[in-house]
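A short write-up of the structure that comes next.
A short reminder: the numbers here are calculations on the coordinates, not readings from a lab. Just so it is clear, the structure is predicted and the values come from calculations on it, not from any experiment. FYI the Cβ positions are ideal-geometry reconstructions off the backbone, even for glycines, and counts take in every protein chain you see.
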Amino acid sequence: MPKLTAGSAPHAEPSVKVSPKGSARLKAGHPWVYRSDVTAPDDVLPGGLVRVTDLRGKFLGTALYSSSSQIAIRMISHEPVADLPALIAERIRAAVAYRKKFVTNTDAYRVVFSEGDFLPGLIVDRYHDVLSVQILTQAMDTEAVRGAMVETLVEELKPAGIYERVDARIRELEQLPARASGLVWGQKSTTEVSMNGVRFLHDSKEGQKTGAFLDQRENYAAAAHYAHGEALDVFCYHGGFALHLAPKCSSVTGVDSSRPALEVADKNSALNGRELEWIEGNAFDLLKDYASSGRQYGTIVVDPPAFAKTKRDLDKALRGYKELNLRSLKMLRPGGILITCSCSFHVSASDFQEVVADAARDAHKSLRLLESRGQAKDHPILLNVPETSYLKCLILSVND
Ligand code: SAH
């Protein structure tokens, strides 16, 4: 965690003590301590700042406290913090500067990635002149923090609108009062963006996540580099992969179970002057039908939703990935390209690679790994925080 604000004022904040297990975790660089490893006094405010000490009273840093989450504290600094809104503003400015340095060829990207930007519980996505914000913790929901956040984003990025996407379930879990999604600044919530030269419509009020899967943006360009022949984009959503593949492929078909997503995908293809085929259906059924009717493709993208939401779902998730990849491999011509993804944090990179290898054995094909990729750089991975790394994207060349 960077040392940004080191206040030396005497502390009014309550102190919480962490167990030896909790303090070992903090020393290893992880910012979270679970409730079972924290002793908090009665006067700790939900979402408040707390001084963190070990059992002997040695100061370990400053954290944000949640009265309801299993993650009782999230470290925000190794130093005392005198002014939380000022620290939040500084961290947002640093996050914006990081993007200016490393994010290219797009006006749609993640500006703030929670722990990855030392701002636990805050997500900010930029869609050209519209920002879409998600607040996931008690600490980020206080009026003072919200105020600093909006003011800094306006100063730094000059948006025409800032829209807050509310996840009712998360507010309930954090014991925060219900709140509706809506504009928190400005008037604009719809716009148009351009990623890698491909245009997309954006509406902050609609769609999944904050409107798009920005974490795949660099993988779209990588996939397009290898794509050829007839292409199938399975779980296509608004056509992120499909539209990037279109200039390289003789035809592109996108498949998704969500009609509203496909309606946007269709508008996106018109916006780019392309004709693509969109099919509404269940990917598992469709792949089964297509594979048994002997269809063949040059390129297939498989990018399903997270199958393993918890560790308990792991086996079921692996079976799901195996089936999708097996059916896709059967339909790829020799020399074909498989782009296969998993966004389940609980499925590790090696688990995923193994499941794809298993599918290849069953399909009697050999696969050569062209690229093993992850999430785009605007979703920074903190090496000491495994939870910040979740997306896997393998690009493979298929041999019979
Ligand atoms: N590739 C997309 C993101 C895919 S997210 C992109 O880059 O933008 C997963 C998508 O799978 C969602 O659009 C969701 O509507 C769709 N989906 C979920 N279950 C499905 C199923 N059984 N069959 C087809 N689509 C499904």
Pairs beyond 25 Å (Cα-Cα), from LYS158/LYS377; LYS21/LYS377; LYS288/LYS316
LYS21/LYS377
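Restricting attention to segment 145-192, which GluC sites (Glu not before Pro) occupy a DSSP loop and are surrounded by at most 15 other Cβ atoms within 10 Å?
Working: sites: GLU151, GLU155, GLU156, GLU164, GLU172, GLU174, GLU192; in loops: GLU174.
Here no GluC sites (Glu not before Pro) fit, given the DSSP loop and packing criteria.
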State the dimensionless ratio Rg/Rh of segment 187-279 (Rg: radius of gyration of Cα atoms; Rh: Kirkwood radius).
0.94
Over 34 Å [Cα-Cα, the chain], rounded percent:
35 percent
Around VAL184, which amide H atoms from residues at least 5 apart in sequence, or from another chain, sit under 5 Å from its own amide H, with H modelled in the peptide plane?
ILE162, TYR163, GLU164
J(HN,Hα) series, segment 145-150, from Karplus relation 6.51 cos²θ - 1.76 cosθ + 1.60, nearest Hz, glycine and proline x:
6, 4, x, 5, 5, 5
What ranking of LEU326, LEU119 emerges when the number of other C-beta atoms within 10 Å of each C-beta is taken as an exposure proxy, fewest first?
LEU326, LEU119
LYS309: which lysines have alpha carbons under 21 Å from its alpha carbon, excluding same-chain residues fewer than 8 sequence positions away?
LYS209, LYS322, LYS392
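Give me the mean projected area, in nm² to one decimal, of the convex hull enclosing the Cα positions of segment 232-283.
On the way: hull surface 11.4 nm².
That works out to 2.9 nm².
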Show the residues, 5+ positions off or on another chain, whose built amide H is closer than 5 Å to the amide H of CYS236.
VAL255, ASP256
Can you pull out the GluC sites (Glu not before Pro) in segment 310-385 whose DSSP state is coil and whose Cβ has at most 15 other Cβ atoms within 10 Å?
none
Starting from 0 in steps of 5 Å, tell me what percent of the Cα-Cα pairs of segment 300-351 lands in each bin.
4, 21, 30, 21, 13, 7, 3, 1
Taking trypsin sites (Lys or Arg not before Pro) as exposed when in a DSSP loop with at most 16 other Cβ atoms inside 10 Å, the chain has its longest clean stretch at 59-178
Mind pulling the per residue volume of the convex hull built on the Cα atoms of segment 233-372? Å³ is fine.
111 Å³
Would you list which aspartates and glutamates come within 17 Å of LYS17, measuring only between C-alpha atoms, while excluding same-chain residues fewer than 8 positions from it?
ASP37, ASP42, ASP43, ASP54, GLU79
Quick one: grab Rg to one decimal and Dmax as a whole number for segment 88-145, Cα atoms only, in Å.
11.4, 35
Tell me, Kirkwood radius of segment 92-185 from alpha-carbon pair distances, in Å?
13.5 Å
With the chain treated as a Gaussian network of Cα nodes joined by springs under 10 Å, which of LEU214, LEU243, LEU383 yields the largest mean-square fluctuation?
LEU383
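Could you calculate, for segment 335-400, the ratio of the Cα radius of gyration to the Kirkwood radius, expressed as Rg to Rh?
Expressed as Rg/Rh, it is 1.03.
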Enumerate the aspartates and glutamates that LYS100 could reach by cross-link, defined here as Cα to Cα under 12 Å, with residues fewer than 8 away along the same chain left out.
GLU156, ASP378
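Report D for segment 1-137 in µm² per second (integer): Stokes-Einstein, Kirkwood Rh on Cα pairs, 10 °C, 1.306 mPa s. Could the numbers behind the result be given before it?
On the way: Rh = 15.8 Å.
Estimated via Stokes-Einstein, D reaches 101 µm²/s.
Neighbouring Cβ atoms within 10 Å as the yardstick, rank HIS244, HIS364, HIS228, HIS30 fewest first.
Values: HIS244 28, HIS364 9, HIS228 15, HIS30 18.
Going from sparsest to densest Cβ surroundings: HIS364, HIS228, HIS30, HIS244.
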Once amide H atoms are built 1.01 Å from N in the peptide plane, which residues 5 or more positions from PHE307, or in another chain, come under 5 Å H to H?
CYS343, SER344
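Could you give the C-alpha radius of gyration of segment 146-214 expressed as a fraction of 2.2 N^0.38 Å, taking N as the number of residues it contains?
Details: Rg = 13.7 Å, N = 69, 2.2 N^0.38 = 11.0 Å.
Ratio of Rg to 2.2 N^0.38 Å for segment 146-214: 1.25.
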